[in-house]
Structure formats: structure tokens, C-alpha cells
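S.K.: Dropping a structure here in C-alpha cells format, bear with me for questions.
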Amino acid sequence: MKIVSCFSSLDEIKPLAKAGADELYCAVPGLPSFGEPALLTGAGGLKAAVRAAHALGLKISLAVNSLGEASFTRPGEGRLLRRLAAADAAGVDAFIVASPAILGLLLALKRRRARLHLSSVQPCFSSLSAAFFLDLGISRIILPNQLAPYEARKIVELCRRRGAELEIFDHRFFGCAYINGRCHLHRPDYYTLNASVQNGSMCRLNISAGALQTPGAIDVDAAWKPRLGPIVRRLSSRLACGGAPRIANMAAFFEFFAAGVGYLKYGTRQDPGAVKVRKVREVRAMLDAAETVLGKYPRAEAQRRFMEKMQNWDGRKY
């Protein structure tokens, strides 16, 4: 399994390669990417980043995975197409796409050399949708964190048959407790209890843990009435951004790893450079641990031993 790391500065490329990254990805001004990412900085911009990465044997992907583009007028579409062509000419190895509109522009781009990766924020939850995107020319599918390994098994089989690549996120260093690629709950203004949140936010509705009262019940069987309290408390916790169970976890990672998923991504672009390097080192150490046990033991025993190692994981022991 190869490591894909985010980067946001030219100065980060060499240390990330030394830490164990096999590929890099970034976002640039002028091309729409998901959320509020840290954009690439440094003299020479994208061309310089491509040269530096290629000199170290690393590929670079460019995120253009916004779900909506406000300037999709005819003039805006022309400008976007020219910017995509310039990025392709700069030598990026792949575009990470989500919006069908941007995917359409890339498919129409003459003499495009870069490959196309499907972003996790255009979630692919079935082998039918995977086949649809593969037929359009997608060469790698980045699986959404909501998808459990068992649910993804047919997608894995399909991609193996068709020679397509699969990628997952490292669950420790990306996303929020709700594992939803379309939301921003990973931002501090949503998960910090004392932060102010704008009224009307779909993510956090300004509801405190005790704000919902037990609703009245009409024609409810008496046996159900004791259950109303726990249900309300659960709803209150969820709406107030309480802790939800994670689907993406260490066990899920190992199952994807053992199934042959080829790429593991660390993707918090806002992290300082030193933090990015530390996290890539931890990802590399975790992969080494998984490779060691899977090479020595049958799959079930390997997973058990791997999970034992991970119980007190701090990234420095292995």
C-alpha cells in the first residue's frame, strides 16, 4: 500500500518524501476544491511543485473536487477549462474530481495527459456507480469513509478485474466524527463546545445536550414509552455534535489493506509542515506493522495481532 500525502508548500515536498510519502496532492488558487483547503504556496507554483516531486520519484495529484462551481456561466466555463489545461500542461499526474460538470470539462480537454481520480466527496457506494465512473475514464476511486469494507467488497472486485486503483483515507488524520465527506464537522467551529455557530447551520443546530424535551406521545403502546427518553437523548447528542460511532477505524483499515487496496491518504492540508511529516511517518510505521503480520500469519490471526499492536499506538513504537 502506498501513501498519498497532502502538501501546501514547496518546502514540504522533500521532507514528506523522506518521511515515506509515495504520492502528493494539493489545491491551487483559481481551481475549485472541496471545503476551505490550504492552497499551494511557494515560488513557481504548480510547475515548480511538479518538478520537485518528479525529481524525487513522486507523483502529484491536483484537487479540483468542489461539488459546486458558482461561475459555471459560459465565460466562467471557458476560464475554468483554460486553467485545467494549464494545470495539465504543468505536468500534474492526476486530477481529483467530484463535480460531474468539472469531470465533463476534463473529459473534453484535448490531449489531456493527467489521469482522473474520483473524489470521496462524490461518494461511490456500489459497484454499479463504480462501473459508471470507470466507464467515463476514472482510473482511481477514492472510497468514502462511510463505506465499510464488507460493503465495498464488490467495488474492490470490480476494480481488480478492470485494473483500476482504490484509495482510502487514514481514519486518524482526516474527517470528523460523523464521517461525512459532504460536511464540515471536522472544523473547530463545529466540534468545539464553546464556539459560536451561525444560526441555521445544518451541521450543528445550536441545540444543547438537554435542549430537546421528551415529546408527547399519542396512541403509543405503553411498552414503548420508557424508550422515548434514550431516543431523545441520542437525537440531542447527534444534533449537538455529540460523539457518533466511527465507521472508519483501525479494523476497517486492516480489512481494506488485506483486500489489496493500493493507496492510503493523509489529507489535512491545514496542518503545519512539521505535523504533516510526523503524520506521514506514523502512517508509514502503521503500514510496516500491517505488512509484517500479514506476511507471517493467516489473515484472521494477522488482523488479531495487528489490532493488539494498535491498542496503545503512538506511531513511534514500530
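S.K.: Which one of the conditions (1) β-branched (Val, Ile, Thr); (2) within 21 Å of Ile102 (Cβ to Cβ); (3) modelled with pLDDT of 90 or more does Thr73 fail to meet, given that it meets all the rest?
M.R.: With (1) β-branched (Val, Ile, Thr); (2) within 21 Å of Ile102 (Cβ to Cβ); (3) modelled with pLDDT of 90 or more applied to Thr73, the lone miss is (3).
S.K.: Tell me whether the range 309-316 contains one or more residues that are at pLDDT 90 or above, open to solvent by 50 Å² or more (accessible area, probe 1.4 Å) and part of a helix (DSSP H, G or I).
M.R.: No - not one qualifying residue is present in the range 309-316.
S.K.: Going through the range 18-29 one residue at a time, which ones are touching a strand residue (DSSP E or B) at 6+ places or on another chain (Cβ under 8 Å) and under 23 Å from Leu116 (Cα atoms)?
M.R.: Correct list: Ala21, Asp22, Glu23, Leu24, Tyr25, Cys26, Ala27, Val28.
S.K.: If the requirement is being touching a Leu at 6+ places or on another chain (Cβ under 9 Å) and either crowded, with 17+ Cβ neighbours inside 10 Å or not in a helix (DSSP H, G or I) (or both), which of these qualifies: Ala52, Ala38, Ala48, Ala86?
M.R.: The unique qualifying residue is Ala52.
S.K.: Name the residues in the range 12-57 that are at pLDDT 95 or above, over 24 Å from Leu166 (Cα atoms) and among the acidic types (Asp, Glu), would you?
M.R.: Matches in the range 12-57: Glu12 only.
S.K.: Now for a separate question. Can you name the residue in the range 243-281 that is within 15 Å of Met310 (Cβ to Cβ) and open to solvent by 20 Å² or more (accessible area, probe 1.4 Å) and, of all such residues, is modelled with the lowest pLDDT?
M.R.: Arg246
S.K.: So Leu81 clears everything in (1) farther than 21 Å from Ile138 by Cβ; (2) open to solvent by 30 Å² or more (accessible area, probe 1.4 Å); (3) not acidic (Asp, Glu) except one condition, right? Which one?
M.R.: (1)
S.K.: Can I ask one more? Are any of the residues in the range 12-22 over 30 Å from Ala259 (Cβ atoms), among the basic types (Lys, Arg), more than 17 Å from the chain's Cα centre (by Cα) and exposed (fewer than 14 other Cβ atoms within 10 Å of the Cβ)?
M.R.: No - not one qualifying residue is present in the range 12-22.
S.K.: What are the residues in the range 91-113 that are surrounded by fewer than 19 Cβ atoms within 10 Å (Cβ to Cβ) and part of a helix (DSSP H, G or I), if any?
M.R.: Result: Pro100, Ala101, Gly104, Leu107, Ala108.
The values are calculated or read from the model by the stated rules, or taken from the named source; none is laboratory data. If you're wondering where the values come from, they're calculated on a predicted model, not measured in any experiment. Here Cβ is always computed from backbone atoms with ideal geometry, including for glycine, and neighbour counts include all displayed protein chains. The accessibility values were calculated without ligands, DNA or RNA, using every heavy atom of the protein model including side chains. Shrake-Rupley method; radii C 1.70, N 1.55, O 1.52, S 1.80 Å.
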